[in-house]
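Everything on this sheet refers to the single structure shown next.
The values are calculated or read from the model by the stated rules, or taken from the named source; none is laboratory data. This is a predicted model, so every value here is computed, not measured. For neighbour counting, all protein chains shown are included, and Cβ atoms are generated from backbone atoms with ideal geometry for every residue, glycine included.
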Amino acid sequence: MLTLFDLAAGWIQGNVLVPLLYQFDLMEWEDLAYGWALFVVYGAAQVALTFAVCLPLERWRPVEHWPDRKAVAVDVLYTVISRVGILPLVTFVGFYQAQVALNGFLTDHGWVPPTLERALPFLLGHPVLTFLLYVLILDYSDYWRHRLSHRIRPWWALHSLHHAQRQMTFWSDDRNHLLDDVISFLWFTAVALLIGIPPLQFPLLVLVLRFFESLSHANARVSFGWLGDRLLISPRFHRAHHGVLAAGQRSCNYGANLPWWDMLHGTADFSRAYAETGDPSGEEALATGGYLAQQWAGLRRFGRAVMRRRANKTQGGAPALSRR
């Protein structure tokens, strides 16, 4: 039975994408057009759902009030680009091409492409359980990606754009440097290929996970209680991660959706309340500049971090790590 998502994706494919592909002599991509259109539709629906859930929460119990919300408007642009714009195309097509290439290479050399069901045969015939295991594996891998992005100084230089926002809202989740997004895509793609996630499920998994990440960034005094905060990351838990660090403090709460990994590795902190957010170590453009100004400022900071790292290696010093 066709859903509204299928009908909308079919309409976009037939009335927008196929004519464009024909116009630019790119009809070899026609088979991928529907998958990308479906991803765009899912993304638009997710943005609408996020807005419907998070905006009332922010109006109900806001952590902060701001007279000027221009910085938030830039975050809205990040969200549109990330969930509905060019990034869905890159994510879907890139992952599809990578999986086709990998499976073709393995098959040509007599190897069977990896899947989670082959590693765990009890998953055969249980798609819901398989999907949940995909979620757990991707979320755990994201914990380490996020933690490393705070430890490796050149990577932190890019990731600090995400932390520069002093007016954090549910729109802030997609506030990332493009190079940081590229690293994240490569990281997720590598993990997804290793466990054999089907191409049409990969973007859906990403969108499901990103919904809860958006919720965790909400400017809302919302906690899930003692037990709930230990089952799912709440706005209170994640805001501690974005908080401006006082002297002697270290960052905490790296998890994206589940606090279990922070609890397992000793990086969870449930005691910090609704801290002020931002990164005073970065230049002002990272916090209040427009989209292009933020991207350029992040690139400058990245360049300085790379040069400093090279200088440390030349002088025989230890690799520079982020203070966070």
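Considering the stretch 307-324, and only residues there that are within 27 Å of the chain's Cα centre (by Cα) and either within 16 Å of HIS177 (Cα to Cα) or surrounded by 14 or more Cβ atoms within 10 Å (Cβ to Cβ) (or both), the residue that is modelled with the highest pLDDT turns out to be ARG309. Of all the listed residues (PRO56, PRO67), the sole one being free of Cβ contacts under 8 Å to residues at least 12 places away in the same chain, out of contact with any helix residue (DSSP H, G or I) (no Cβ under 6 Å at 6 or more places or on another chain) and closer than 25 Å to ALA293 by Cβ is PRO67.
Within the stretch 214-234, the set of residues being closer than 30 Å to LEU38 by Cβ and either in contact (Cβ under 8 Å) with a residue 60 or more places away in the chain or buried (at least 22 other Cβ atoms within 10 Å of the Cβ) (or both) comprises SER214, LEU215, SER216, HIS217, ALA218, ILE233. Residue-level analysis places VAL182 outside the set of residues that are of a type in the set (A, V, I, L, M, F, W, C), within 26 Å of LEU55 (Cβ to Cβ), surrounded by fewer than 23 Cβ atoms within 10 Å (Cβ to Cβ) and out of contact with any strand residue (DSSP E or B) (no Cβ under 6 Å at 6 or more places or on another chain).
Where helices (runs of 4 or more DSSP H) fall entirely within the stretch 213-284, those with at least 1 residues that are touching a Gly at 6+ places or on another chain (Cβ under 9 Å) are at 235-242, 260-265.
ALA190 meets each of the listed conditions (1) under 13 Å from ASN257 (Cβ atoms); (2) part of a helix (DSSP H, G or I); (3) within 17 Å of the chain's Cα centre (by Cα) apart from (1). Note on the stretch 33-146: enclosed helices (runs of 4 or more DSSP H) holding 1 or more residues that are over 23 Å from the mean Cα position of the chain (by Cα) and exposed (fewer than 13 other Cβ atoms within 10 Å of the Cβ) are 86-108, 116-119.
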